[in-house]
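Reading through the structure tokens given below for one structure.
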Amino acid sequence: MKSYADMDETSADILKELGNIGTGNAVTSLSQMMGTPFDISSPSLHLTQVQEIYSLLEQSQEIEAGILVEMKGEITGQFLFLLNESFTNIILDEILGGGERNILELDDLERSLLSELGNIMCGSYIRALSALMDMEIDVSVPGICVDMGGSILSAPLSRVMSKSAEILLIENQFHIDHRSYSGRILFFPDPECLEPILEKLGIEM
């Protein structure tokens, strides 16, 4: 399997369930960190052309905070946690207390908090995938970027474009006190890792 487009329906369902399990672990960690319970919608899996990803996310011109890590080991690729401006402020307010802030001009404490959030979220997600598939996965130190969503996506998309015309997107919506926030978790496993992942899960290719 050299491309996401080579996946059949069963393979796509398996990856969706992996996203569901990993996301559940990550959300539990985030909830504990914030001290605030919230719900998350069932993940949706999209297989789309790279050039269509911006319209799919419908927020490429909105300011967001992005937490990006590299995956190394038996699975390589990238992991991106995108939070829109309002969700970022909710997280910072819950942990640091309310106050005037501009997420385009985060201070050292706020950036450190988002970096730690990346460590917790990514670590929870990767540990769930690693345990389920019995595969060794390491992650880099999170990189933080606050910009328009389209600009944040440019780095992981450029990597995917060099290897595949398609992209795999697992996204979620978070719900706190009957309000919905965009906090998408995007999983970019390199296409050449798809076959080993599915083989580990007992899907013959």
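Nothing in this text is a laboratory measurement; each read-out follows from the coordinates by a stated rule. Please read all numbers here as calculations on a predicted model, not as lab measurements. Heads up, the Cβs are rebuilt from the backbone with ideal geometry, glycines too, and the neighbour counts pull from every protein chain shown.
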At R0 = 30 Å, FRET efficiency that the Cβ-Cβ distance of Ala155 and Ile21 yields, to 0.05: 0.70
Calculated from backbone phi, Karplus (6.51, -1.76, 1.60) coupling profile of segment 143-156 in Hz, x at Gly/Pro: x, 10, 9, 10, 6, 5, x, x, 5, 5, 6, 4, 5, x
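How do Thr23, Thr10, Thr36 rank when sorted from fewest to most other Cβ atoms within 10 Å of their own Cβ?
On the way: Thr23 23, Thr10 9, Thr36 14.
Placing the least packed residue first, the sequence is Thr10, Thr36, Thr23.
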Extension gain, Arg179 back to Asn119 (0.36 nm per residue minus Cα-Cα distance, nm): 19.1 nm
Rounded, prolate or oblate (a/c below 1.5 giving rounded, otherwise prolate when a/b exceeds b/c) for segment 73-166 by Cα gyration tensor: oblate
Filtered trypsin sites (Lys or Arg not before Pro), segment 71-111: DSSP coil and at most 15 other beta carbons within 10 Å: Arg101
